[in-house]
Amino acid sequence: MEGDKTSEELIVDYVECLMSLPTNCRPPVEDDNPSIQVSATIDDTADIPIGIPHQPSSNDLIQVSVEETKPEPFVGMEFESDEAAKTFYNEYARRLGFPFRVGRSRRSKGVEEVLIMKRFVCSKEGVYRKKASGEGTRKRERISMREGCKAMMEVIRDSDRWVVAKLEKAHNHHLGTSSRVGYLRARGFIDTSERASIVASDAMTMLRQNAFGEGGDAQGLLDYLKKMQADNPAFFYAIQVDNNSCVTNAFWADTKARTAYNNFGDAVTFDTTYKKNKYMMPFVTFSGVNHHLQPIIFGCALLVDETEFSFIWLFETWLAAMGGRSPISLVTDQNRAMAAAIAKVFPNTCHRFCKWLILSRSKQKLAHVYSSHPALKEELENCVIGSETVRGFESCWVSIIDKYDLRKNTWLQALFNIRQRWVPLYLKDIFFAEISPTQKLESMNDFYKKYFNTKTSLKVFLTQFEIAMASRYEAEIQADFDSMCSKPSLKTASPIEKQAASFYTRAVFDKFQEEFVESLGYSAYKIKDGPISKFSVARDEDALETFIVTYNAVKKTAFCSCKNFEFSGILCRHILGVFLMVDLHFLPQECFLRRWTRNAKNGTPFDQQSSEIQNGCEETITSRYNDLCHDAIKCADRGATSVEIYKAAKDVLQQAFADIVAVEKFSGRGAQRDVININEEITLDEPINDQSLRGQSLPEQKVNNLLGQLLGPSWQAL
């Protein structure tokens, strides 16, 4: 509840709200301290795929200029009161960049007990000593600021004046890296604009500390990335640094992530749920779902800087690592800087806010309402998740608002105003790979809470994350095996259900089967006749929610007004009901989206988007190398499924390598012949019959044939 929040939390909430408003909607801020000017300019920073630090211009950092000389404290300095001394020391501490607090105070002995001494100390003064907790009790560990700093200023009362009696200016730590809390304690002396800058700066400091530890040293991360690339040359990483060569952001993606994106990168989620826990490492992921409805990772990043410029760098770097192919849809949290970057980097991608994060945030925003009306939470979720049509959603929303008298609630009004950005019903014509309305992937916040605590170091985190990813890969291989070697149980004798069982993976077939069985409870009425006819489809017991299905009798295809096939990639119950009515025995091939089938990894429509990129693979050694690595990873994925396939793949690859060596020797001799006699005729032992292989040498033909046998029809020679 709002009344339970501390003053510090209320200030942070206000700053976040203020920064989220458009510039012309923000309240004017009077500058009470014109001597300090803060300005930030952004300069282009190129990415470094191999991890070499880049030196940006000096404009990358916030520059602070002081126009007039400020007084320094000294022993014997006098003040009118202890509050005047505190105000002066606050200004001095803020100018140097360190938080402070009142360390000690002393009163006179006697009846009146007048205050006679006050000592202002750096907030990093003293040493943290962990208190022993009782047996069976478990308390959350908190990050301590204490570093034994001796900096302080002590003033004593001298008649009607206060005089500086003791002074220590030296600090044992870097200045300008104070925590947000220390500054907000002096909130009475900081104006609104400066407070916003302080919160943003100190939040970045907290993120850097969470990512790289107390010292903020990123060398461990760089060593890890270099080692990963040395072990696997196809490993991709890039770093972004400021003009002090400090790492601000880092991105990496292994070969499996890049291959997974090629197969399932049509729908992507950008996970920034680390924000839910201020002590959590600023670890973000690009993720999606595979053909077994399992979560998969397309790349990872440590995001210390959360500006629009950093988001643009991250998105462009990730896009380059994924071969330059943008996803069809992208789901993220609400963030103004992020949304602006997505609009620039992914202009043709449909961007949607995550409904689960919005519903989760509603628990906090509506905590006082939920406490009074416990049923409201479930009703709101059912409205968003359970509604089948836009009209049904809007009427349900209005009825809930009226039922609980919430028309003046600004949070709910704001959500309804942007409903086209986060409610899936308004984006059903875009593919999001969401087969079920309740489908929810494990967020990084859930993953972090499951495996780590607030004291987990970056090294331990990366190690544990690799283990968790390896477990996911094993689960995917097991699901591949189960789909290939076992048959699901059928619930009807329909040939359509049997056909779907032979195409889909087990997980996706279960969803299709649910839709197919539900279609038996719907009635379809023809409302337009002809080669392209229309049907009105409704549930038998509920005729209020009707759907229009357009059926093409010639092509045996259908489209539904619910647009479930466009949104999820499997046929809806309404289309299946019409197919049963027209007595269609088998579904056309177009009804089976390849990314949901057992053969999803054998080449997908999304993979065909890379043809233009593959055409340019002959330009550089790096592009040729990356393209060959892509094909080799396909061999490894399919060759590791069983011992027999592994042995066959090993033999084929060894033979292919031998033929490649033969091509090298043949090319060398050919070049030498060209030098001696360019008109000398070169004959081949076998004639070239295949039109696609004309102009290739015999060893090249053998290599192409071997790779074609292993990779299947999805592989084509350049």
Legend entry - Candidate set from region 244-288 (those that are modelled with pLDDT of 85 or more and among the basic types (Lys, Arg)); member that is farthest from Ala636 (Cα to Cα): Arg258
Legend entry - Options Ile435, Ile400; residue that is surrounded by 13 or more Cβ atoms within 10 Å (Cβ to Cβ), assigned to a helix (DSSP H, G or I) and either among the aromatic types (Phe, Trp, Tyr) or at pLDDT below 95 (or both): Ile400
Legend entry - Qualifying positions in region 403-432 - of a type in the set (Val, Ile, Thr) and either touching a Leu at 6+ places or on another chain (Cβ under 6 Å) or surrounded by 14 or more Cβ atoms within 10 Å (Cβ to Cβ) (or both): Val423, Ile430
Inset, instruction - State which residue is farthest from Asp254 (Cα to Cα) when the search covers only region 637-662 and only residues that are of a type outside the set (Val, Ile, Thr) and surrounded by 16 or more Cβ atoms within 10 Å (Cβ to Cβ). - result: Ala662
Legend entry - Flag for Phe565 being closer than 30 Å to Phe264 by Cβ and either of a type in the set (Gly, Ala, Ser) or touching a helix residue (DSSP H, G or I) at 6+ places or on another chain (Cβ under 8 Å) (or both): yes
Inset, instruction - Return the total of residues in region 446-459 being over 24 Å from Trp356 (Cα atoms), modelled with pLDDT of 65 or more and exposed (fewer than 13 other Cβ atoms within 10 Å of the Cβ). - result: 0
Inset, instruction - Scan (1) outside any loop (DSSP other than H, G, I, E, B); (2) of a type outside the set (S, T, N, Q); (3) modelled with pLDDT under 85 for the single condition Glu112 breaks and write down its number. - result: (1)
Legend entry - Inter-residue pairs, beta-carbon under 7 Å, first in contact (Cβ under 8 Å) with a residue 40 or more places away in the chain and more than 20 Å from Ile430 (Cβ to Cβ) and in region 318-340, second surrounded by fewer than 22 Cβ atoms within 10 Å (Cβ to Cβ) and not β-branched (Val, Ile, Thr), 6+ apart: Gly323/Ser610; Arg336/Ser20
Legend entry - Any chance Ser519 is surrounded by 15 or more Cβ atoms within 10 Å (Cβ to Cβ), hydroxyl-bearing (Ser, Thr, Tyr), touching a Leu at 6+ places or on another chain (Cβ under 8 Å) and under 20 Å from Ser436 (Cβ atoms): yes
Inset, instruction - Tell me which residues, restricted to region 385-397, are in a helix (DSSP H, G or I) and in contact (Cβ under 8 Å) with a residue 40 or more places away in the chain. - result: Ile385, Gly386, Gly392
Inset, instruction - Confirm whether Phe481 is loosely packed, with under 14 Cβ neighbours inside 10 Å, assigned to a helix (DSSP H, G or I) and not charged (D, E, K, R). - result: yes
Inset, instruction - Inspect all residues belonging to region 124-141 and state whether any of them is modelled with pLDDT under 85 and in a strand (DSSP E or B). - result: no
Legend entry - Extreme residue, surrounded by the most Cβ atoms within 10 Å (Cβ to Cβ), among residues of region 360-383 that are aliphatic (A, V, I, L, M) and touching a residue at least 40 places away in the same chain (Cβ under 8 Å): Leu366
Legend entry - Complete set of residues in region 364-376 that are in a helix (DSSP H, G or I) and under 14 Å from Asn409 (Cβ atoms): Gln364, Lys365, Ala367, His368, Val369, Tyr370, Ser372, Leu376
Inset, instruction - Considering only region 556-627, give the helices (runs of 4 or more DSSP H) lying wholly within it that have at least 2 residues that are at pLDDT 85 or above. - result: 564-568, 573-581
Inset, instruction - Kindly indicate whether Ser287 is crowded, with 21+ Cβ neighbours inside 10 Å, in a strand (DSSP E or B), in contact (Cβ under 8 Å) with a residue 24 or more places away in the chain and touching a Leu at 6+ places or on another chain (Cβ under 9 Å). - result: yes
Legend entry - The one condition in (1) loosely packed, with under 13 Cβ neighbours inside 10 Å; (2) at pLDDT below 85; (3) not hydroxyl-bearing (Ser, Thr, Tyr) that Ile467 fails to fulfil: (2)
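The values are calculated or read from the model by the stated rules, or taken from the named source; none is laboratory data. From a predicted model like this one, the values you see are computed outputs, not experimental measurements. No Cβ is skipped: glycine too gets one built from the backbone with ideal geometry, and neighbour counts run over all protein chains shown.
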